[in-house]
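The values are calculated or read from the model by the stated rules, or taken from the named source; none is laboratory data. Every value quoted in this text rests on a predicted model; they were computed, and no experiment measured them. Here the Cβ is made from the backbone with ideal geometry for all residues, glycine too, and neighbour counts use every protein chain on show. Remember, those area values only see protein heavy atoms, side chains included, never the ligands or the DNA or RNA. Shrake-Rupley method; radii C 1.70, N 1.55, O 1.52, S 1.80 Å.
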Amino acid sequence: MIVLIVFTAFSGISQPGSPAEPLITIEARQFAYQPGEIRVRQGDRVTLRLVSTDVVHGLYLEGYDLSLQAEPGKTATLTFVADKPGSFRFRCNVSCGSMHPFMIGKLTVGANEWLYRFIFLLVAVFIPVVVSSARQKTQSLEPSV
């Protein structure tokens, strides 16, 4: 039973629960980001490396009010703690051409699944132990016939 609970709680997880420090390189060129969507976990210390391949591009991260700019052929970096869960758009904040308004990406900050699975595991293991202990105590107090 406990093995099944542990397997259920931790199946499909490949990363530990402590915050990570991902370095994510985003290539900017007219008029897209590559990758266009990035995912991190809440609490991660994220470093974004913006690489521009053609003209000056920027990256403004909504919800965090952060921005950076990269000259052609150069990189710019920005580090922040992803402490707000949810989905946030990032967009070019430098007028880079006619399709500039459509240069948009998405950052998703997900929950720390390990924390929730650990709490589930604690509850799933300790409730049966407490109930079993209470039953044994009750049975030991009953008079024997």
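Shape verdict for the range 15-54, please, from the Cα gyration tensor: rounded (a/c under 1.5), prolate (a/b greater than b/c) or oblate.
Values: a/c = 4.24, a/b = 2.66, b/c = 1.60.
Prolate is the answer for the range 15-54, as a/c is 1.5 or above and a/b outweighs b/c.
Quick check: convex hull of the Cα atoms in the range 68-145, volume per residue, rounded to a whole Å³? Before the final figure, lay out the partial values.
On the way: hull volume 9.7 nm³, N = 78.
In the range 68-145, the Cα hull volume divided by residue count equals 124 Å³.
Between SER18 and SER98, what length comes free when the chain is fully extended (0.36 nm per residue of separation minus the Cα-Cα distance, one decimal in nm)? Could the numbers behind the result be given before it?
Working: separation 80, 0.36 × 80 = 28.80 nm, distance 4.29 nm.
So the extension gain works out to 24.5 nm.
Pull out the extension gain between PHE120 and GLN34, defined as 0.36 nm times the separation in residues minus the alpha carbon to alpha carbon distance; nm, one decimal. Working shown, then result.
Details: separation 86, 0.36 × 86 = 30.96 nm, distance 3.66 nm.
Gain on extension, PHE120 to GLN34, equals 27.3 nm.
On a full-extension model of 0.36 nm per residue, what is the gain between ARG45 and ALA134, subtracting their alpha-carbon distance, rounded to one decimal in nm?
Length gained, ARG45 through ALA134: 27.6 nm.
Leaving ligands and nucleic acids out of the surface, order ILE24, ILE119 by accessible area at 1.4 Å, largest first.
ILE119, ILE24
At 1.4 Å probe size, put PHE120, PHE80 in order of accessible surface, largest to smallest.
Values: PHE120 100, PHE80 15 Å².
Listed by decreasing accessible area, they come as PHE120, PHE80.
Students often forget the sequence filter, so: which lysines lie under 16 Å Cα-Cα from LYS106 once same-chain residues fewer than 8 apart are removed?
LYS84
Calculate the radius of gyration of the Cα atoms of the range 16-145 to one decimal place, then report Dmax, the largest Cα-Cα distance, as a whole number, both in Å.
24.5, 91
Which order do peptides 131-141, 26-36, 65-75 fall in by mean Cβ count within 10 Å, highest first? List each step's numbers first, then the result.
Working: 131-141: 9.3, 26-36: 17.0, 65-75: 14.2.
By packing density, highest mean first, the sequence is 26-36, 65-75, 131-141.
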